[in-house]
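J.: Just passing along the structure, written as structure tokens.
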Amino acid sequence: MIVIDNVYKSFGPKHVLRGVSMEIPDGKSTVIIGRSGTGKSVLLKLIVGLLQPDSGTITIDGRRVDLMDEKELYEMRRHVGYVFQGAALFDSMTVAENLVLGLYEHGERDTSLLNNEIRTNLVNVGLLPDPKSLSEDGFAKAYDILANKKPSELSGGMRKRVGVARALVGTPKYVFYDEPTTGLDPITSEQIDNLVCDLTHKLDVTSIVITHDIFSVYKVAHAVVMLEEGVIHFNGSPRQLQQSPDPVVQEFIERYAMTRTADALAPPVPPDK
Amino acid sequence: MIGNIFAAVGRGVMGFFAELGRIVLLLIAVFRYVPSAFRSRRLVLEQMSVIGVSSLPLVLLVGSFTGAIAALQATNLFAKFNLLALARPFVGGSIATVVFTELSPVLTALVIAGRVGGSIAAQIGTMKVSEQIDALEMMAIHPDRYLAMPRVLAAMTMMPILIIFSNLVAILGAFFLVILKFNFTSVDYFISVRNFFSVTEILTGLLKSLTFGMATALIGCYVGFRTDGGAEGVGQSTVRSFTLSSAAILVLDAIFGYVL
């Protein structure tokens, strides 16, 4: 369980978080929404100790993150997977190297174990088919092609999936997703949402998802937290969010829905002459 | 008005020392991870190849012209005062001294600062703005160990090796120039070199180059780690790394000149 208690964080004169308190239960998906610049990504980075709060406490499984030394932080992070907004894959490495870099750098040299980890997680995120659905040779060929690709050879959606697969290496207890569907088309966004749901249920992980996408909220969330100007403006279930009379919440939902509708109602492309 | 000037100067001085302090802290962090260099030998060897092997053609080019130009200036000066015949036994030795102790280490270091320092800052800066550094942290891999230590260690190792090559081609460049332009014989030249240069001069040059290499890589890493603001920030970091490294090389050279 993650407990955030009265956390403040500023960058120079800008007060990003102003007394945020919340609890994230185990085994559920908590979605954090809010406008750009309201401190969603900062909150996620505070939880994993990539940033330090100015005041307040953050506790993971009963241990204070803000008091951890470097060794304790690294130990805690081995149980946390983090999917970065732009996937943050290492450009010079192949997909396989990206996935097992952490294990390799911590001394794991057992090739069969590393290969198994790569294979399992690429299957988990749907980048490789279920091994049972293909012949052994067919699967090995598909694996070789994908595992040896560089991130620059992948599409945006595939990069995000590789980012998710990397976060799942080592079977973490928590997986954090920082805007996993940003910049993706609606179909790929839906695939990523389905993936987040599947992984939460299948692997029994605790997920925290940051998103602007209200449709992702309805699809993924057990609980929704809305940040507005550095404070928690809403904390409840997706249904409560939908039914909330709060004008700020309603404006956020309507504006997003209008953007999606506008996309859907875009004028048709004229036929070729 | 005067108060504002004092405040601005004070802020500048404090900023300088704060930055210097952070660079020293990075240096300490890098040395803390040196014992793990054998475990990370793949990373160190990769960087040795990038910093050393890939820079060699440029270093050889700069070295040969450095020697030739040093010889041209020295012999022209003696010729201007009709002292060339008198100076003939000393020309080779004086060129060797100036090349080994000053020109070769400093000019090579400046070239490496542009080529390698800028590239280190750009590479780490890009990793910083695209959250790859955070990704390393999330894998419990310390960026100082994974990124800074191999680069600093490789630069410290490869710079003296590059300087040895630079010295060799500089002496040869000077040799060809004095033979072709001033009708020296090879015996004149090499006897002069042998008689008047000392091994200490070469060692001084190598010690300098080791320090210059460390400063260049360290500043490149430091600037890279502090990059923000996307592509524009990466561009600024590249320039900043070269500027700071060049300044550091010249300041260190002055300190060496004073102390040694």
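The values are calculated or read from the model by the stated rules, or taken from the named source; none is laboratory data. Quick caveat: nothing in here was measured; it's all calculated off a predicted structure. Reconstructed Cβ throughout: ideal geometry from the backbone, glycine too, with neighbour counts over all protein chains shown. The area values use the complete protein model at the heavy-atom level, side chains included, leaving out ligands, DNA and RNA. Shrake-Rupley method; radii C 1.70, N 1.55, O 1.52, S 1.80 Å.
J.: With +1 assigned to the C-beta of every Lys and Arg and -1 to the C-beta of every Asp and Glu, and no other charges, what is the dipole magnitude of chain A about the Cα centre in debye, to the nearest 20? Spell out each step's value before the answer.
T.: Working: 29 positive and 36 negative charges, 41 e Å.
Using Cβ point charges on Lys, Arg, Asp and Glu, chain A gives about 200 debye.
J.: Rounded to the nearest 10 Å², what accessible area does A:Asp26 show when all protein chains are kept and the probe is 1.4 Å?
T.: Accessible surface of A:Asp26 is approximately 70 Å².
J.: Could you sort the residues of the stretch A:103-121 by number and keep only those whose accessible area is reduced by 40 Å² or more in the all-protein-chain setting relative to the chain alone, 1.4 Å probe?
T.: SASA drop of 40 Å² or more in the stretch A:103-121: A:Glu105, A:His106.
J.: Taking only the Cα atoms of the stretch A:5-65, how large is their convex hull per residue, in Å³?
T.: About 84 Å³ per residue, rounded to a whole number.
J.: Hey, another quick one. Pick from B:Gln47, B:Gln73, B:Gln123: which is most flexible by mean-square fluctuation in a GNM of chain B where alpha carbon atoms under 10 Å apart are linked?
T.: B:Gln73
J.: Leaving out ligands, DNA and RNA, what percent of the accessible area of the stretch B:2-259 is carbon and sulfur, probe 1.4 Å? Could you put the intermediate results ahead of the total?
T.: Values: 8940 of 12160 Å².
Accessible surface attributable to carbon and sulfur in the stretch B:2-259 totals 74 percent.
J.: Work out which GluC sites (Glu not before Pro) in chain A are exposed loop sites (DSSP not H, G, I, E or B, at most 15 other Cβ within 10 Å) and give the longest gap free of them. Could the numbers behind the result be given before it?
T.: Numbers: sites that count: A:Glu108, A:Glu229.
The segment A:109-228 is the longest one with no such site.
J.: Also: For A:Lys45, which lysines qualify as cross-link partners when the Cα separation must be under 20 Å and same-chain residues fewer than eight apart are set aside?
T.: Within the straight-line limit of under 20 Å, A:Lys45 reaches these lysines: A:Lys9, A:Lys14, A:Lys28, A:Lys71, A:Lys160, A:Lys173, B:Lys128.
J.: Scan around A:Ile32 for amide H atoms under 5 Å from its own, H built in the peptide plane at 1.01 Å from N, and keep only partners 5 or more places away or cross-chain.
T.: The answer is A:Val209, A:Ile210, A:Thr211, A:Val225.
J.: Along each of its three principal axes, how wide is the spread of alpha-carbon positions in chain A, in whole angstrom units, largest first?
T.: 66, 57, 33
J.: Here is a follow-up. Keeping every protein chain in place, order B:Thr66, B:Thr185 by accessible area at 1.4 Å, biggest value first, i.e. largest first.
T.: Numbers: B:Thr66 15, B:Thr185 65 Å².
Accessible-area ranking of B:Thr66, B:Thr185, largest first: B:Thr185, B:Thr66.
J.: Mind listing the long-range amide H neighbours of A:Val175? Cut-off is under 5 Å, sequence gap 5 or more, other chains count too, H placed in the peptide plane at 1.01 Å from N.
T.: Distant-sequence amide H within range of A:Val175: A:Gly81, A:Thr206, A:Ser207, A:Ile208.
J.: Given a 1.4 Å probe and heavy atoms of the protein chains only, how would you sort A:Arg166, A:Arg119, largest accessible area at the top? Walk me through the intermediate numbers first.
T.: Numbers: A:Arg166 25, A:Arg119 85 Å².
Ranking A:Arg166, A:Arg119 by accessible area, largest first, yields A:Arg119, A:Arg166.
J.: What residue among A:Ser237, A:Ser207, A:Ser155 has the largest mean-square fluctuation in a Gaussian network model of chain A, using Cα springs under 10 Å?
T.: The residue with the greatest mean-square fluctuation here is A:Ser155.
J.: Here is a follow-up. Note down the accessible area of A:Lys149, probe 1.4 Å, to the nearest 10 Å².
T.: For A:Lys149, the solvent-accessible surface is approximately 60 Å².
J.: Which of A:Gly230, A:Gly86, A:Gly12 moves the most in a Gaussian network model of chain A with Cα springs under 10 Å?
T.: Of A:Gly230, A:Gly86, A:Gly12, the Gaussian network model singles out A:Gly12 as fluctuating most.
J.: So, counting K/R as plus one and D/E as minus one, what does the shell of residues with Cβ under 9 Å around A:Phe252 add up to?
T.: Local charge sum for A:Phe252: -1.
J.: Oh, and also: Helix-derived [θ] at 222 nm for the protein assembly as shown: sum -39500 (n - 2.57) over DSSP H runs of at least 4, divide by residue count, nearest 500? Let's see the in-between values first.
T.: Details: 21 runs with 324 residues, N = 533.
Dividing the helical sum by the residues of the protein assembly as shown leaves -20000 deg cm²/dmol.
J.: If the cut-off is a Cα-Cα distance under 16 Å, which lysines reach B:Lys80, setting aside same-chain residues fewer than 8 apart in sequence?
T.: Reachable lysines: B:Lys181.
J.: Return the value, in Å² to the nearest 100, of accessible area buried between chains B and A (probe 1.4 Å, both sides summed).
T.: Roughly 1900 Å².
J.: For chain B, report the accessible area per residue in Å² (1.4 Å probe, heavy atoms, rounded to an integer). Mind showing how you got there, number by number?
T.: On the way: 12440 Å² over 260 residues.
Solvent-accessible surface per residue comes out at 48 Å².
J.: Residues in the stretch B:34-53, backbone N under 12 Å from the label point at A:Tyr104 (7 Å along the Cα-to-beta-carbon vector): list them, ranges by number please.
T.: So the set is B:42-43.
J.: Suppose we flag chymotrypsin sites (Phe, Trp or Tyr not before Pro) only when DSSP calls them loop and at most 15 other Cβ atoms lie within 10 Å. Which is the longest uninterrupted stretch of chain B? All intermediate terms of the calculation are to be shown ahead of the outcome.
T.: Values: sites that count: B:Phe38, B:Phe81.
Longest site-free region, per DSSP loop and neighbour criteria: B:82-260.
J.: Check each of the trypsin sites (Lys or Arg not before Pro) in the stretch B:1-88 and keep only those in coil by DSSP with at most 14 other C-beta atoms within 10 angstrom; list them in order.
T.: Working: sites: B:Arg11, B:Arg22, B:Arg32, B:Arg39, B:Arg41, B:Arg42, B:Lys80; in loops: B:Arg39.
Sites meeting the loop and neighbour criteria: B:Arg39.
J.: Please check the stretch A:57-89 for residues whose accessible area, probe 1.4 Å, is lower by 50 Å² or more when all protein chains are in place than in their chain alone.
T.: Residues of the stretch A:57-89 that lose at least 50 Å² of accessible area once the other chains are added: A:Glu70, A:Tyr74, A:Arg77, A:Phe84.
J.: Would you check the accessible area of B:Ile171, probe 1.4 Å, heavy atoms only, in square angstrom rounded to 10?
T.: About 20 Å², rounded to the nearest 10.
J.: Sticking with this structure for a sec: Treating the stretch B:2-259 as a set of equal point scatterers at the Cα positions, no solvent, please give the Debye-formula log₁₀ I(q)/I(0) at q = 0.10, 0.13, 0.17 Å⁻¹.
T.: Ignoring solvent entirely, the Cα scatterers give -0.58, -0.84, -1.18.
J.: In percent, what relative contact order does the stretch B:1-152 have, based on Cα pairs under 8 Å that are 6 or more apart in sequence?
T.: Reported as a whole number, the value is 41 percent.
J.: Of the accessible area of chain A, with the probe set at 1.4 angstrom, what percent is carbon plus sulfur?
T.: Values: 6960 of 13230 Å².
Accessible surface attributable to carbon and sulfur in chain A totals 53 percent.
J.: How would A:Thr120, A:Thr59, B:Thr227 rank on accessible area, largest to smallest, probe 1.4 Å? If you can, show how the numbers build up before the last one.
T.: Numbers: A:Thr120 65, A:Thr59 30, B:Thr227 5 Å².
Correct descending sequence by accessible area is A:Thr120, A:Thr59, B:Thr227.
J.: Under 16 Å between alpha carbons, and skipping anything fewer than 8 positions from A:Lys141 in its own chain: which lysines qualify?
T.: The qualifying lysines are A:Lys132, A:Lys149.
J.: Here's another thing I want to ask about it. Go through the stretch B:108-142 and flag every residue whose accessible area shrinks by 50 Å² or more with all protein chains in place compared to the isolated chain (probe 1.4 Å).
T.: With the partner chains in place, the stretch B:108-142 has these residues losing at least 50 Å²: B:Glu131, B:Gln132, B:Asp134, B:Glu137, B:Met138, B:Met139, B:Ala140.
J.: May I ask you to derive the relative contact order of chain B, considering only C-alpha pairs under 8 Å and at least 6 residues apart, and to give it as an integer percent?
T.: Details: 340 pairs, mean separation 85.8, N = 260.
About 33 percent, as a whole number.
J.: Could you work out the equivalent-ellipsoid semi-axes for the protein assembly as shown, taking the square root of 5 times each eigenvalue of the Cα gyration tensor, largest first, in whole Å? Spell out each step's value before the answer.
T.: Numbers: eigenvalues 645, 148, 94 Å².
Those come to 57, 27, 22 Å.
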